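Accompanying notes for the structure given below.
The values are calculated or read from the model by the stated rules, or taken from the named source; none is laboratory data. Values in this document were obtained by computation on a predicted structure and should not be read as measured data. FYI the Cβ positions are ideal-geometry reconstructions off the backbone, even for glycines, and counts take in every protein chain you see. In case anyone asks, the SASA skips ligands and DNA or RNA and just uses the protein heavy atoms, side chains included. Shrake-Rupley method; radii C 1.70, N 1.55, O 1.52, S 1.80 Å.
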Amino acid sequence: MSKKVLIVTGDAVEALEVFYPYYRCLEEGFEAVIAAPSKKILHTVCHDFEAHSETYTEKPAYQLQAHLSFAEVNPAEYDGLIIPGGRAPEYIRLNEYLKPIVAHFFLENKPVASICHGSQVLTLVAEHLRERELTAYQACRLDVEACGATYRHESLHVDGNLVSGHAWPDLPGFMREFIRLLK
């Protein structure tokens, strides 16, 4: 039986952090479903690290169809969860349907992968992060620590069912570890 993976995101998701996991899951023969606050065409962004800037820069990227709204998601139907970064996490975490979705994966000990600013979504389930270890984009360190978790400085970290990564350059190892947990 094929695995089914849920990817939760929204407008301003970092393009590489949603497309790379989506296509890697398809390549593995998994069913990959993209959910957002509403079922619509999402507008992704490209975050890049440029010498002239002390932080990342942002440019418009590709469009991406969300298959489902968060309200339509039954998390029990999925074997794993991926939370991409970008700016999407800062506002999708305000959606009333997202917390029970994310909590399900921790309660059932299913694989969860969070990269970059995806850790902002994990703040919804802080009770599941206490005394855990994870990494995220450096600007999210305070969010991670506010959840009672230990922020790890390495670019990739695995703690039980939770795979975390700094940013899109870490996607190969990030997806390798997530797929290993799913299998």
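I'd like the residue in the stretch 1-10 that is surrounded by fewer than 20 Cβ atoms within 10 Å (Cβ to Cβ) and in contact with a Phe, Trp or Tyr (Cβ under 8 Å, 6 or more places away or on another chain) and, out of all such residues, is modelled with the lowest pLDDT.
Out of the qualifying residues, it is Ser2.
Restricting to the stretch 34-60, what's the tally of residues that are open to solvent by 40 Å² or more (accessible area, probe 1.4 Å) and either closer than 22 Å to Val5 by Cβ or not β-branched (Val, Ile, Thr) (or both)?
Number satisfying all stated conditions: 17.
Looking for whichever is polar (S, T, N, Q), touching a residue at least 24 places away in the same chain (Cβ under 8 Å) and in contact with a Ser or Thr (Cβ under 9 Å, 6 or more places away or on another chain) here; the options are Ser164, Ser155. Which one fits?
After applying the criteria, what remains is Ser164.
Within the stretch 74-89, take every residue that is surrounded by 15 or more Cβ atoms within 10 Å (Cβ to Cβ) and aliphatic (A, V, I, L, M) and give me the one that is nearest to Pro100 (Cα to Cα).
Looking at the filtered set, the residue picked out is Leu81.
Tell me which residues, restricted to the stretch 111-133, are of a type in the set (Gly, Ala, Ser) and surrounded by 24 or more Cβ atoms within 10 Å (Cβ to Cβ).
Correct list: Ala113, Ser114, Gly118, Ser119.
Among the numbered conditions (1) in contact with a Phe, Trp or Tyr (Cβ under 8 Å, 6 or more places away or on another chain); (2) in contact (Cβ under 8 Å) with a residue 12 or more places away in the chain; (3) more than 19 Å from Arg176 (Cα to Cα), tell me where Phe49 comes up short.
(2)
Cβ contacts < 8 Å: first residue open to solvent by 40 Å² or more (accessible area, probe 1.4 Å), restricted to the stretch 18-32; second residue of a type outside the set (A, V, I, L, M) and at pLDDT below 95, any location; separation 6+ or different chain. Result?
Close Cβ pairs (under 8 Å, with a partner that is of a type outside the set (A, V, I, L, M) and at pLDDT below 95) amount to Gly29/Ser2; Glu31/Ser2.
Contact list please: Cβ distance under 7 Å, first residue in the stretch 122-141 and free of Cβ contacts under 8 Å to residues at least 12 places away in the same chain, second residue buried (at least 16 other Cβ atoms within 10 Å of the Cβ), pairs at least six apart or on different chains.
So the pair list comes out as Arg141/Tyr151.
Looking at (1) without any contact (Cβ under 8 Å) to a residue 12 or more places away in the chain; (2) surrounded by 15 or more Cβ atoms within 10 Å (Cβ to Cβ); (3) closer than 23 Å to Asn74 by Cβ, which one does Leu94 not meet, given that it meets all the others?
With respect to (1) without any contact (Cβ under 8 Å) to a residue 12 or more places away in the chain; (2) surrounded by 15 or more Cβ atoms within 10 Å (Cβ to Cβ); (3) closer than 23 Å to Asn74 by Cβ, Leu94 is out only on (2).
Of the residues Ala167, Ala71, Ala136, Ala149, only one is surrounded by fewer than 21 Cβ atoms within 10 Å (Cβ to Cβ) and at pLDDT 95 or above; which?
Just one listed residue meets the conditions, Ala71.
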